[in-house]
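The values are calculated or read from the model by the stated rules, or taken from the named source; none is laboratory data. Computed from a prediction, not measured in an experiment: that's the story for all the values here. Positions of Cβ are backbone-derived with ideal geometry, glycine not excepted, and every protein chain shown enters the neighbour counts.
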Amino acid sequence: MPITPTQKIWMNGEFVDWADAQVHVLSHTLHYGNGVFEGIRCYEAANGPAVFRLTPHIERLFRSGKILYLNIPWTAPQLVEAVKETIRVNDIRECYVRPLVWLGYGEIGVNPLQSPVEVMVAVWPWGAYLGDEGTQKGVRLMISSWQRHDPNAMPPAAKGVGMYVNSQMAKIQAVKAGYDEALLLSPQGYVSECTGENIFVVRNGTIITPPVTAGALEGITQDSVRRIATDLGVEFRFDNLLRSDLYTADEMFLSGTAAEIVPVRSVDDREIGDPGPITRRIQETYAAAVRGQIDRYAEWCEYV
Ligand SMILES: Cc1ncc(COP(=O)(O)O)c(C=O)c1O
């Protein structure tokens, strides 16, 4: 998906022109893949642009950094403000927000501890990650032959730069085979998640999603789905799922900041069908919540 440039990028505390936001080719992260990032969205809400659950996203960035031993040289409130400032400076009302923490130029060799920890925040307009048709009619999933990485090899709880090589292998396999998205199983054979989204199965009116112990990221959209489902009176639980649970689901959907709420049409060519009523209700309520249209979720909208 091509990026639409905006004016300025926040880089280590200063705004630089989009075209000048460069790093050295010997930056540590380029070679060894240690870094952490977030994916956040800002929506045109009831009282102006609002970043959806910005503080929890920045808190997760710090948790990811702690897991990977990256000492972020800013506080969470400073980065919350940096995100808001970047949106204001670029005079943009709806956008995707990408904070990235990486190891810069200084030392080379596997040991990362002497490399400078650098931070940037970029924003740009970004449409439906899995396509408008996917959002409306649902996407076709393939279970990848690549597994989600074992937590003792690469901790899935950290949103780490290098972790996404695993996601990329699965994504390439799925798109080359003609599917929209890949789903990964854990090393124990349970359903984990997709390459950038959590997965939910609806069975007999209950929503079930895999726990973190199956290698799923603790999604902020997933948590929003949990709250919305509970408020709608729909039973919700975390539980291990087998691939056969996917094939026989009544409804299925994905959640993620970039993708938002996306119905699933089929898994490995087993038809689930058109988006079901629970999926639709969650999707519509989420779309209204992110735009500040539901008072109950007003605190999720962090106004710029
Ligand atoms: C692997 C993976 N799982 C799940 C998610 C969904 O997380 P969130 O809802 O916080 O965006 C993402 C997106 O960040 C992801 O990359």
Among (1) more than 11 Å from the ligand (Cβ to nearest atom); (2) under 25 Å from Lys171 (Cα atoms) - the single one Gly256 does not satisfy: (1)
Conditions (1) closer than 24 Å to Ile220 by Cα; (2) in contact (Cβ under 8 Å) with a residue 60 or more places away in the chain: number failed by Ser115: (1)
Residue match in segment 288-300 (condition: touching a strand residue (DSSP E or B) at 6+ places or on another chain (Cβ under 6 Å), farther than 30 Å from Pro49 by Cβ, within 16 Å of the ligand (Cβ to nearest atom) and modelled with pLDDT of 95 or more): no
Residue satisfying all of: in segment 194-235; in a strand (DSSP E or B) and within 11 Å of the ligand (Cβ to nearest atom); nearest to Glu299 (Cα to Cα) among these: Asn198
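Conditions (1) at pLDDT below 95; (2) under 17 Å from the mean Cα position of the chain (by Cα); (3) not assigned by TED's automatic domain parsing to the domain that holds Met252, marked per residue:
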residue	(1), (2), (3)
Ser64	no, yes, yes
Leu68	no, no, yes
Pro73	no, no, yes
Cys95	no, yes, yes
Gly104	no, no, yes
Gly162	no, yes, no
Ser167	no, yes, no
Residue list for segment 219-264, restricted to those being closer than 18 Å to Glu181 by Cβ, touching a helix residue (DSSP H, G or I) at 6+ places or on another chain (Cβ under 7 Å) and among the polar types (S, T, N, Q): Ser255, Thr257
Output for segment 11-58, where each listed residue is in a loop (DSSP other than H, G, I, E, B) and more than 20 Å from the chain's Cα centre (by Cα): Asn12, Gly13, Ala21, Gln22, Val23, His24, Val25, Leu26, Ser27, Ala46, Asn47
Only one of Val304, Val264 that is under 30 Å from Ile3 (Cα atoms), within 21 Å of the chain's Cα centre (by Cα) and in the same structural domain as Gly196 (by TED's automatic domain parsing): Val264
Residue within segment 93-103 that is under 24 Å from Glu302 (Cα atoms) and more than 16 Å from the ligand (Cβ to nearest atom) present: yes
Cβ-Cβ under 6 Å pairs, at least 6 apart or on other chains, segment 188-210 side within 13 Å of Val267 (Cβ to Cβ), far side in a strand (DSSP E or B) and not acidic (Asp, Glu): Cys194/Leu183; Cys194/Leu254; Ile199/Leu254; Phe200/Ile207; Phe200/Thr209; Phe200/Phe253; Val201/Ile208; Val201/Met252
